[in-house]
Amino acid sequence: MNSSDHVTRPDLQTVRLALMLAGRAPSVHNTQPWRWVFDGTRLQLRSDTDRLLSSADPLGRQLVISCGAVLDHARLAFLSMGWFAEVTRFPDPNLPEHLATLEFWPWPGALNTTAARVRAIHQRHTDRLPMQAPDGWLDALSAVRELARPHHVAIDEIPDSSRHRLAAATEHATALRRYDMRYQTELHWWTGHSDVQEGIPVAALVSDAEAARVDIGRAFPSAPYSARRADLVDQARLVALSTLGESPSQWLHTGEALSEVLLECTARGLSTCALTHITELPTSRSVVAELVPHPDIPQVLIRIGTAPEDNTPTPPHRRPLDDVLDIRPAPPPRRA
């Protein structure tokens, strides 16, 4: 008998609890494009290409980034339950949809710096309203840069002096998409509904009046008229997450870094809004590339700010766990 047979593994109930927590991870249009497979020992993360945004994301870049975010959320969730997850990314080059395999080892140590990010999983939400400038910004920026470094993802602040260029690129991208019927049909399919388990509910959208005070953001279908934070024009800081190259592995790492950044900011009492519309089209993406101080490829932008006291988070809508988790028996051991 192999000595590894004596090593305990998380039971199914622990796996389910961890993945329910991980499922709160952000994803493009809240598509939640992931599937999990658990064989009693190992946990596989696979992409769900049925949820690919064929117009906005034809290469699946944002799909894989979304899966990277749920992967990092899962790693933190298991750690909070006493299990270290060793991650092998893209274990089978012949199965590109198999993004990662997680193997588990008991973790008896303290959570230390990860505890606050685990708690933040329950609190994080996307804030599309105008924000105040972030409190403690320099410390927060330094912290998120360190968290992204192991994933080889650079984080650069976009200076206020260049903000008008990003705003112009956003307007240009919106104009290019305005009469793109495939894009608009896709966007409306995933947004503006009520009592749904996926997509962006109407409660999470902003009105035209509110959107007019946020100069850099995706043009979603408008919510009914409201004027929340009516006296505030967006003062959020902008950061770009960039990679050295363009590959599924780098996209997955981008999603993991994105998860770390969003949770760290939430733990510090900051609000966030991840933006991918501006990296979807070559013209607007090239504008972002010109604003980062190195020849990296921008993948995601994030607005980071402080929300006024009247901010009320919208509870995330998520698919039932049984829709994304398959339980399969482990293959029998090979005979010598």
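The values are calculated or read from the model by the stated rules, or taken from the named source; none is laboratory data. Since we're looking at a predicted model, the values are computed, not measured. Note that we place each Cβ from the backbone using ideal geometry, even for glycine, and neighbour counts take in every protein chain shown.
Annotations for the structure displayed:
- Selection count where residues are aliphatic (A, V, I, L, M) and under 16 Å from His29 (Cβ atoms), scope the range 174-214: 8
- Complete set of residues in the range 65-95 that are surrounded by fewer than 20 Cβ atoms within 10 Å (Cβ to Cβ) and closer than 26 Å to Leu301 by Cα: Val87, Arg89, Phe90
- The number of residues in the range 91-123 that are touching a Ser or Thr at 6+ places or on another chain (Cβ under 7 Å) and under 25 Å from Val37 (Cβ atoms) comes to 7.
- From the list Leu166, Leu147, Leu141, the one residue that fits, being assigned by TED's automatic domain parsing to the domain that holds Ala289, surrounded by 14 or more Cβ atoms within 10 Å (Cβ to Cβ), more than 24 Å from Pro282 (Cα to Cα) and more than 17 Å from the chain's Cα centre (by Cα), is Leu141.
- Residues of the range 104-128 that are modelled with pLDDT of 95 or more and more than 23 Å from Thr254 (Cβ to Cβ): Phe104 alone.
- Of all residues in the range 213-251, those being closer than 27 Å to Leu95 by Cα, in a loop (DSSP other than H, G, I, E, B) and among the hydrophobic types (A, V, I, L, M, F, W, C) number 1.
- Selection status of Asp215, in contact (Cβ under 8 Å) with a residue 12 or more places away in the chain and surrounded by 14 or more Cβ atoms within 10 Å (Cβ to Cβ): yes
- Residue pairs meeting the criteria (Cβ under 6 Å; at least 6 apart or on separate chains; first assigned by TED's automatic domain parsing to the domain that holds Val287 and in contact (Cβ under 8 Å) with a residue 24 or more places away in the chain, in the range 223-240; second part of a strand (DSSP E or B) and polar (S, T, N, Q)): Gln235/Gln132
- Test for Met181: is it over 23 Å from the mean Cα position of the chain (by Cα) and modelled with pLDDT of 95 or more: yes
- Test for Ala148: is it small (Gly, Ala, Ser), touching a strand residue (DSSP E or B) at 6+ places or on another chain (Cβ under 6 Å) and assigned to a helix (DSSP H, G or I): yes
- Pair list, Cβ < 9 Å and 6+ apart or interchain, from the range 82-98 residues that are under 15 Å from Arg9 (Cβ atoms) to residues that are of a type outside the set (Phe, Trp, Tyr) and surrounded by fewer than 13 Cβ atoms within 10 Å (Cβ to Cβ): Gly82/Pro106; Gly82/Pro108; Trp83/Pro106; Phe84/Pro106; Phe84/Gly109
- Candidate set from the range 99-127 (those that are of a type in the set (S, T, N, Q) and without any contact (Cβ under 8 Å) to a residue 24 or more places away in the chain); member that is nearest to Gly305 (Cα to Cα): Thr113
- Tally of residues being of a type in the set (A, V, I, L, M, F, W, C) and over 28 Å from Gly23 (Cα atoms) across the range 190-210: 1
- Out of Thr283, Thr254, sole residue that is surrounded by fewer than 21 Cβ atoms within 10 Å (Cβ to Cβ), part of a helix (DSSP H, G or I) and touching a His at 6+ places or on another chain (Cβ under 8 Å): Thr283
- Test result for Thr174, of a type in the set (S, T, N, Q) and surrounded by 16 or more Cβ atoms within 10 Å (Cβ to Cβ): no
- Scanning the range 31-44 for residues that are in contact with a Phe, Trp or Tyr (Cβ under 8 Å, 6 or more places away or on another chain) and surrounded by 23 or more Cβ atoms within 10 Å (Cβ to Cβ) yields one hit, Leu43.
- Every condition in (1) over 20 Å from His164 (Cα atoms); (2) part of a loop (DSSP other than H, G, I, E, B) is met by Cys265 except one, and the failing one is (2).
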